[in-house]
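Novice: Supplied in structure tokens, the structure appears directly below.
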Amino acid sequence: MARYIGPKTKIARKFGEPIYGPDKSFERKNYPPGFHGNNRRRRKLSEYGIQLKEKQKAKYTYGVLEKQFSNLFKKAQGTKGVTGEVLLQLLESRLDNVVYRLGIAPTRAGARQLVSHRHIIVNGEVVNIASYSVRSGDVVGVREKSKSMEAILDSLASSSKASSYPWLEWDQAQLGGKFLNLPERSEIPENIKEQLIVELYSK
């Protein structure tokens, strides 16, 4: 399964925000990477550069590669609604993202690993495809054999994520959550200017 495995703090510094979650290294060096760091004079980005940077931020935030992202955008274009908002809804309904939002894993990368290693079930069936699209009413949970995994229990113990998102409903007894509906744009916390991405693909 292809995925980005490079230095994450460097990417976060590039965008000027901790897109991978709390990061002590980013807090110490919250300026652009490079030999001259904060002192380097940078050219003003062009309109295209600003749009491209926003697309890259969305890709890295959700852990999606270029071809996957392009396919999701095409799907969003063909779906009724505002294209940018639909794109974010499609990203939010990916199985790895839902597992992360429920707090079963502390990061999206960790969630992707749980899915690929067959620890996650959807409606009682094991699903090991991170890009699987979760639908309204689907119940995402931890497989019975995996419920005692230390990594999962630690993540759930230190998280109250599921209760933070109105489109998810968590059942602690079952170690699972229901995907109630696609989130509204105002409910999605990611700092992404989706209209810039739409403008980029519209060129």
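Readers should treat all values here as calculations from the given coordinates under stated rules, not as data from a laboratory. Everything quoted here is computed from the prediction, not taken from an experiment. Here the Cβ positions follow ideal geometry from the backbone for every residue, glycine too, while neighbour counts run over all protein chains shown.
Novice: Count the net charge of all other residues whose Cβ sits under 13 Å from the Cβ of Lys203, scoring Lys and Arg as +1 and Asp and Glu as -1. Mind dumping the intermediate values first?
Specialist: Details: positive: Lys55; negative: Glu47, Glu199.
Summing Lys and Arg as +1 and Asp and Glu as -1 gives -1.
Novice: Given the pairs Lys67/Lys203; Lys74/Lys178; Lys59/Lys80; Lys53/Lys80, which are separated by over 20 angstrom at their Cα positions? Don't skip to the end; give the middle numbers.
Specialist: Details: Lys67/Lys203 18 Å; Lys74/Lys178 27 Å; Lys59/Lys80 22 Å; Lys53/Lys80 26 Å.
Exceeds cut-off: Lys74/Lys178; Lys59/Lys80; Lys53/Lys80.
Novice: Out of Pro106, Leu153, Ala173, whose Cα points farthest toward the positive end of the dipole of the range 94-181 (charges: +1 Lys, Arg; -1 Asp, Glu; placed on Cβ)?
Specialist: Of the listed residues, the answer is Pro106.
Novice: Given 5 Å bins starting at zero, what is the percent of C-alpha pairs of the range 54-110 in each, up to the one with the largest pair distance?
Specialist: 4, 20, 29, 24, 15, 7, 2
Novice: Still on this structure: Want the number for Arg185 to Glu125: 0.36 nm per residue separation, take away the alpha-carbon distance, what's left? Don't jump to the answer; show the numbers that get you there.
Specialist: Working: separation 60, 0.36 × 60 = 21.60 nm, distance 2.96 nm.
Here the answer is 18.6 nm.
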